[in-house]
Every structure is written in structure tokens, then in C-alpha cells.
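Everything below concerns the one structure shown next.
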Amino acid sequence: MNHPITLTVNGVVREATVPARRLLSDCLRHDLGLTGTHVGCEHGVCGACTVLLDGEPVRSCLMFAATADGHEITTVEGLAAADGTLSPAQRAFAECHGLQCGFCTPGFLCTVTAFLRENAAPTDEEVVEAISGNLCRCTGYQNIIKAVHRAAELQAETRADKEEGAR
Amino acid sequence: MKPSPFDYHAPADLDEALDVLARVGPDGGKVLAGGQSLIPLLNMRLAAPAHLVDINRLTELATVEAGPGGVRVGALARHATVERSTPAAAVQPLLGQALRLVAHPVIRNRGTVVGSLVHADPSAELPAVLALLGGSVRLAHRGGEREVAAAEFFTGPMESAAAPGELAVSAFFPARPPRSGTAFCEVARRHGDYAMAGVAAAVTLDEDFRIAAARVACVSVGPIPVVVDVADACGGRPEASADWAAAAAAVRDRIEPEADIHATADYRRHLTGVLAVRALRGAAVEAAGEEGT
């Protein structure tokens, strides 16, 4: 039996009709064509499929699309501004070489975006804890850790600029 | 790596959920809460239930109620919510101490405390916490409910007393008594993995700071959490002079670890003894500090 669902993905209301067993990750990729969300292990270990559900990072491979009905999802496609300007986390990963093959990057970016919203100036230890659920097989993590700190700086600068502009 | 097909039920409230479970429970119906343990099993087809009853719309169960007697956690309260609850931490700090060791922050955004108890993985932290504290789980069915004590709730590896057609609606974690402390220590191959061995400890001191009560619950070393009373072994002395070696020996004698790809049975037994001392000392120090404040 198929289930009609309505999701707000990256600010856009999207409708789909899915079988109950359709994972949210597969719904995003196959039904909605948003292939930025990557699927690695499909049992919650690698973190590549992490998206934001009502602002909170979750594994999209450990959730059924039918359960997400009526909720807001942000995928990696929704992190940049409408004009294409990269978000602080995206800029930082590019600047600090926080990626090589890029497979794990969408999951890292979603995780880090939510983390920096809660903790704007994290310590090294807090960064490592925050990204502990995301696997990267290329970088050795050092540049990812640098990128998270750089993203925090960029985020602070962006905020300061906005406050300056508001004055 | 995709689940096999199932009939999906999405009840809007508790009454509807119990109706659906009464109908499909005996027919192999499983409850889906956070899904952080169940969906991996479905994806790997280690489980293939005919019906899934999704309780994620039962927001009435997303509760954390901390009172003088303890903390009652509703079936839809996520790990992260309980972990961040200041009132819950004040009443029973072991909850937060254990939750920080449960998987990764992103998993804790979705997984539920009650779901973890019903899943009854002998390597999981929360069943050990419930067993150590002597808590209970409330099981509802159409037309009634029952409260099952932790000692009767865990019946085997991944097996609980929840019968087909029943829904675990909440769990109760008793409050920390005065002059008491708790700690949870574990060793895992990677941070966030299931522990090779882990020990939750609770210690209560008497008015002269001597150990009056001391219990541990061990994970990954038996079919269910193994609770050991070590008060006698500690010798009724203060933390600094308690017989921790005897306590560790008592724990090692009681557990029945098995070997697997990660560790031999002997190593698990050794590790559990070491972790028991670490957790007991931590709990005793916390209890002494609690008295000082």
C-alpha cells in the first residue's frame, strides 16, 4: 500500500506517494530527485545520509518517509543561500580542504551546521564529539576539525557583519 | 539493505495505537518509536515484522516528568531531550551520565529512552540504569495497563516482558537517595559503539561517610544487565579505605561474559572488574561531595 506524504524540503512543499518501507534517504533521492544526500551504510553508522529534521540532525536512512510526513527537512542542497552563496560551513570545508572524495561531506555539513547553531565557539574536544557519528575515509579528520573551527569563525563574522549592517 | 514490505499504521493518539496493537500485535506487529535500533534490523532484514505501528504522532507521550520520587520518561521522549533535562538530572544524575555514552549525538536526537529499554539489548546502557536503580516500565494494552519492575522486565537478550499487543508508555527511574552518588564507566572499541564492557554504579554513604549500600549493573557480560550487590564486599568502610579489590572480585564472580570478534571472555571479565572499581569509586566520591553541599 502506498502512502501520500507532504514534506517541506529546503523550504519547498513537496508531495510524494511512497510505499511504507521507503526510507527517508531514498525518498529524498529517488522520489524528490535530491541526490545531494548520500547513502553509505544504511544502518546508521556512517552518517553520510544525515539531514536536518525540523532543524535537528538525524539519519535519513533510519527513518521512514511516511514518519516524516508533515515535517520540515533541510538537505545539503538547502544549506547555501538562494543566490548560491555558500554557507559558513560549506565555505570552511572548501577553504580548509575538509573533503577529498566528497562522499561523506553532505552528512558532515548538515551535522556541523546544526552543531554550530547550538555551540558557536566549540573547543577541539566538543568538535570531535559532535562529528563522532560521521565517518570520512579520506581526510583523516584533521582538516575537518579545522574546517569546523573555521566555520565557527566565518559564522561569527557573518553575524557581526549583519549586526553592523543593521546599525 | 532495504526493509521487506510491511503494513504501516500511524495512529494519531494513544487509544488508537492500543486499538491497532490489539489487532495486529498477535499477528507480528512491532512498535516503531525512534527506530535507531529497529530500522537497522529491518534494513538488514534481521527482522521482518508484518505490521509496524508508528507511535511518532503520539506527542502526548513525549514527556519527561521529574518529581521528588524519581523521573518518569514517556515513550516518545528522545534521548537528547532526557539528556538535556535539568530537572531530570537533579533528581537522578545517572540518566544523563548514561545517555552521554549512548551512540552519537545525532542518534540521540531520534532514539527514545523507552524504546531502548524495550529493545533490551544486553550491551545497551539504559537497561542497566533501569536495573541498577530498580525502576519499572509501564505497559499499556487496550483496556488496562501494568507496571513491570526492572527485575522482571528484562527476560533475555533483546527480549522484554512486553507482550504482543502491549505498548510501553513510560518508564520510571527512582530518584537518587540522600548521601548517594552514581557513575557509568565503559570501554568501547570506538567512541559511541556498543561497549565491550560497562558498569553503572550507585553508592550510598551513612552519616559517617562509610559505604552503606553499593550496587553495580554490568553490560555486555550476560543475557540481561547483571546487577551485583557489593556492599558487603566493600566492607562498610569510607571510600578511601574500602576493599575495592574484593568488590571487583565479587563482580567478576557473578558475570558470565562470552567471547566475540571484539574481545575474549577473559578480557571482558577483567575489564568489568576494572570498570566496576572505577565506577564505584566515582559514585562514592560523588556521594561524599553530595553530602558536603
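The values are calculated or read from the model by the stated rules, or taken from the named source; none is laboratory data. Please read these numbers as outputs of a predicted model, since none were measured by experiment. Here the Cβ positions follow ideal geometry from the backbone for every residue, glycine too, while neighbour counts run over all protein chains shown.
Just one of the listed residues (B:GLY96, B:GLY69, B:GLY28) is within 27 Å of A:THR113 (Cβ to Cβ), away from every other protein chain (no Cβ under 14 Å), surrounded by fewer than 20 Cβ atoms within 10 Å (Cβ to Cβ) and not charged (D, E, K, R), and it is B:GLY96. The set of residues from the stretch B:167-199 being hydrophobic (A, V, I, L, M, F, W, C) and within 14 Å of chain A (Cβ to nearest Cβ) comprises just one member, B:ALA188.
Consider the stretch B:72-93 and keep the residues that are hydrophobic (A, V, I, L, M, F, W, C) and out of contact with any Gly (no Cβ under 9 Å at 6 or more places or on another chain). The one that is surrounded by the most Cβ atoms within 10 Å (Cβ to Cβ) is B:VAL73.
Residues that are among the small types (Gly, Ala, Ser), assigned to a helix (DSSP H, G or I) and more than 24 Å from B:ASP208 (Cβ to Cβ) within the stretch B:249-275 comprise B:ALA249, B:ALA265, B:GLY273, listed in sequence order. From the list A:GLU157, A:GLU118, the one residue that fits, being of a type in the set (D, E, K, R), closer than 20 Å to A:LEU79 by Cα, loosely packed, with under 14 Cβ neighbours inside 10 Å and within 14 Å of chain B (Cβ to nearest Cβ), is A:GLU118. Scanning the stretch A:89-103 for residues that are of a type outside the set (A, V, I, L, M, F, W, C) and assigned to a loop (DSSP other than H, G, I, E, B) gives A:HIS97, A:GLY98, A:GLN100, A:GLY102. Assessment of the stretch A:134-146 against the conditions (crowded, with 23+ Cβ neighbours inside 10 Å, under 13 Å from the mean Cα position of the chain (by Cα), modelled with pLDDT of 95 or more and part of a helix (DSSP H, G or I)) yields no matching residue. Selection of strands (runs of 3 or more DSSP E) fully inside the stretch B:171-234 by the criterion of at least 1 residues being of a type in the set (Gly, Ala, Ser) returns B:180-187, B:197-205, B:211-219. Residues in the stretch B:197-219 that are modelled with pLDDT under 95 and either assigned by TED's automatic domain parsing to the domain that holds B:ASP121 or surrounded by 19 or more Cβ atoms within 10 Å (Cβ to Cβ) (or both): 0 in all.
Selection of first residues in the stretch A:86-109 that are over 10 Å from A:ALA151 (Cα atoms) and of second residues that are crowded, with 17+ Cβ neighbours inside 10 Å and hydroxyl-bearing (Ser, Thr, Tyr), restricted to Cβ pairs under 6 Å at least 6 apart or on distinct chains, gives the following pairs, ordered by first then second residue: A:LEU99/A:THR105; A:GLN100/A:THR139; A:PRO106/A:THR37; A:GLY107/A:THR50. Can you work out which of the residues in the stretch B:237-293 that are over 25 Å from the mean Cα position of the chain (by Cα) and surrounded by 20 or more Cβ atoms within 10 Å (Cβ to Cβ) is modelled with the highest pLDDT? Among those residues, the one meeting the criterion is B:ALA242.
Condition check for B:ASP121 on (1) among the charged types (D, E, K, R); (2) under 13 Å from the mean Cα position of the chain (by Cα); (3) within 27 Å of A:VAL112 (Cα to Cα): one failure, at (3).
Annotation for the stretch A:25-46: no member residue is touching a helix residue (DSSP H, G or I) at 6+ places or on another chain (Cβ under 7 Å), within 10 Å of another protein chain (Cβ to nearest Cβ) and touching a residue at least 40 places away in the same chain (Cβ under 8 Å). Put simply, of A:CYS27, A:CYS49, A:CYS41 the only residue that is touching a Ser or Thr at 6+ places or on another chain (Cβ under 6 Å) and of a type outside the set (A, V, I, L, M) is A:CYS49. Just the residues that are part of a helix (DSSP H, G or I) and in contact with a His (Cβ under 7 Å, 6 or more places away or on another chain), please, taken from the stretch B:23-32. Selection gives B:VAL24, B:ASP27. Scanning the stretch A:48-60 for residues that are more than 7 Å from chain B (Cβ to nearest Cβ) and either buried (at least 24 other Cβ atoms within 10 Å of the Cβ) or part of a helix (DSSP H, G or I) (or both) returns A:ALA48, A:CYS49, A:VAL51, A:SER60.
Checked against the criterion of being within 13 Å of another protein chain (Cβ to nearest Cβ), of a type in the set (A, V, I, L, M) and more than 26 Å from B:VAL106 (Cβ to Cβ), the candidates B:ALA12, B:ALA33, B:ALA17, B:ALA47 yield just one match: B:ALA12.
Only one of the numbered conditions (1) within 14 Å of another protein chain (Cβ to nearest Cβ); (2) over 22 Å from B:GLY198 (Cβ atoms) is not met by B:PRO164, and that is (1).
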